[in-house]
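Report on the following structure.
The values are calculated or read from the model by the stated rules, or taken from the named source; none is laboratory data. Keep in mind it's a predicted model, so treat the numbers as computed, not measured. For neighbour counting, all protein chains shown are included, and Cβ atoms are generated from backbone atoms with ideal geometry for every residue, glycine included.
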Amino acid sequence: MKKSLYSIFALMAMLVAFTSCEKDEVENTATVEAAGEWHITFAAIDDNGEVIDDDWFGDGVYNIATSNTAANVPNKMYIVDNVNYIVPYQVEVDLDINNLTFKTNGEVENMYGAGNLKPFFGEDIFLGERVTITDGKIIKDGYTKANGIKVDYIEFYISLSDDPLPGMYGIASKYKVSGFRYTGFVEDE
């Protein structure tokens, strides 16, 4: 009797050991090819598409993120810039995952709301409550870093609602955001 009890317990222990070794398959998101963290610059563009200032807000290089939406579908993604202290934005864009192109469906709501330029102009000037993104693209291995490593390149054009800067200065009609995918390597810092 003791022997059969030991056999039953040993068999149960082996079953528990084998079933606990199973691993769940981790799936990627539907937008994995387009999702990531990006080192970018924010340049002012005139009506002819020419860059008139390659660091319009004076931020230098900073990060934005692209990610899947909660629905995790391959034709929508978020672009999030919560580092830009002047006009942070988060918008949902239409994504063509096969061609790695994206844009907003016209002017869309900025999920962060409008930015306030009071620190710069001394009065409440709000902009960016609504955002338009056009001509967005991601090019695989489209950027070569100084050390020769090829990484993905991102580029898009953004317009902010109620933007007083084109009227104040008469030059910038929209902004060009461009940069490369952050890899996590020290040379990306």
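Is the stretch 66-86 home to any residue that is surrounded by fewer than 17 Cβ atoms within 10 Å (Cβ to Cβ), free of Cβ contacts under 8 Å to residues at least 24 places away in the same chain and assigned to a strand (DSSP E or B)?
No, the stretch 66-86 has no match at all.
Please go through the stretch 34-45 and pick out each residue that is touching a residue at least 60 places away in the same chain (Cβ under 8 Å) and under 12 Å from Ile154 (Cβ atoms).
Result: Ala34, Gly36, Glu37, Trp38, His39, Ile40, Thr41.
Scan the strands (runs of 3 or more DSSP E) fully inside the stretch 96-189 and keep the ones with 2 or more residues being over 17 Å from the mean Cα position of the chain (by Cα) and modelled with pLDDT under 90.
none
Is the stretch 37-56 home to any residue that is surrounded by fewer than 19 Cβ atoms within 10 Å (Cβ to Cβ), assigned to a loop (DSSP other than H, G, I, E, B) and polar (S, T, N, Q)?
yes
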